[in-house]
């Protein structure tokens, strides 16, 4: 069974603006794929990377502190060792939801987020929830539903 409820996932998608922390200029990396997919779904989404000026033709923000005030949900696509720092920055910024892409989470980051009152989603790939779900992610979601691992 999944550790996160569908209600928690749906709550993540109720905010007005998002940021992808660890976005990549490489279109084959998850940070870029997540960013582009959210843009395709017409979400207001901001790319964040410490060294990039632009991503997909959009201004790239250097840190959580730099993103616009209306962002309440972020997706992390960074190494676990960086995620805890990102969580602390999010708490200071008033971020209410963090989605830690698989491979980005750490027990410490999850605990810091919980202690700051931030709703955390982890062990789930956001691409399985951005409707309509396409390609391999649609198949992965189907398999998770069949074996009972898809959030209810």
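Read-outs throughout are calculated quantities, based only on the coordinates presented, and are distinct from any laboratory measurement. Keep in mind that this is a model prediction, so the values were computed, not measured. Please note: Cβ atoms are built from the backbone with ideal geometry, for glycine as well, and neighbour counts cover all protein chains shown.
Rounded to the nearest 0.05, what FRET efficiency do residue 58 and residue 152 have when you use their Cβ-Cβ distance and R0 = 30 Å?
Values: r = 35 Å, r/R0 = 1.17.
E between residue 58 and residue 152, to the nearest 0.05, is 0.30.
Report summary: the helix-based calculation at 222 nm, which adds -39500 (n - 2.57) for every DSSP H run with n ≥ 4 and divides by the residues of the chain, gives -10500 deg cm²/dmol.
Ranked by how many other Cβ atoms sit within 10 Å of their own Cβ, fewest first, the residues 127, 52 fall in the order 52, 127.
By other beta-carbon atoms within 10 Å, ranking 60, 125, 90 with the fewest at the front produces 125, 60, 90. Once C-alpha pairs closer than 8 Å and six or more residues apart are averaged by separation and normalised to the residue number of segment 6-146, the relative contact order reads 20 percent. Counting beta carbons within 10 Å around each of 63, 24 and listing the fewest first gives the order 63, 24. Based on the Stokes-Einstein relation at 20 °C and a viscosity of 1.002 mPa s, and on the Kirkwood radius from alpha carbon pairs, segment 22-103 is assigned a translational diffusion coefficient of 168 µm²/s. Each label was represented as a point 7 Å from its Cα along the Cα-to-Cβ direction; for residue 111 and residue 50 these points are 2.3 nm apart.
Over the Cα atoms of the chain, the radius of gyration divided by the Kirkwood radius equals 0.94; this is the Rg/Rh ratio. Extension gain for residue 43 to residue 17 (0.36 nm times residue separation, less C-alpha to C-alpha distance): 8.7 nm. The distance separating the Cα centre of segment 1-37 from that of segment 65-133 comes to 9 Å. Would any residue of segment 81-98 have its amide N under 20 Å from a label point 7 Å out along Cα→Cβ of residue 66? List them or say none. Residues 82-95 fall inside that zone. For segment 54-95, backbone nitrogen atoms closer than 18 Å to the point 7 Å from residue 25 Cα along Cα-to-C-beta are found at 54-63.
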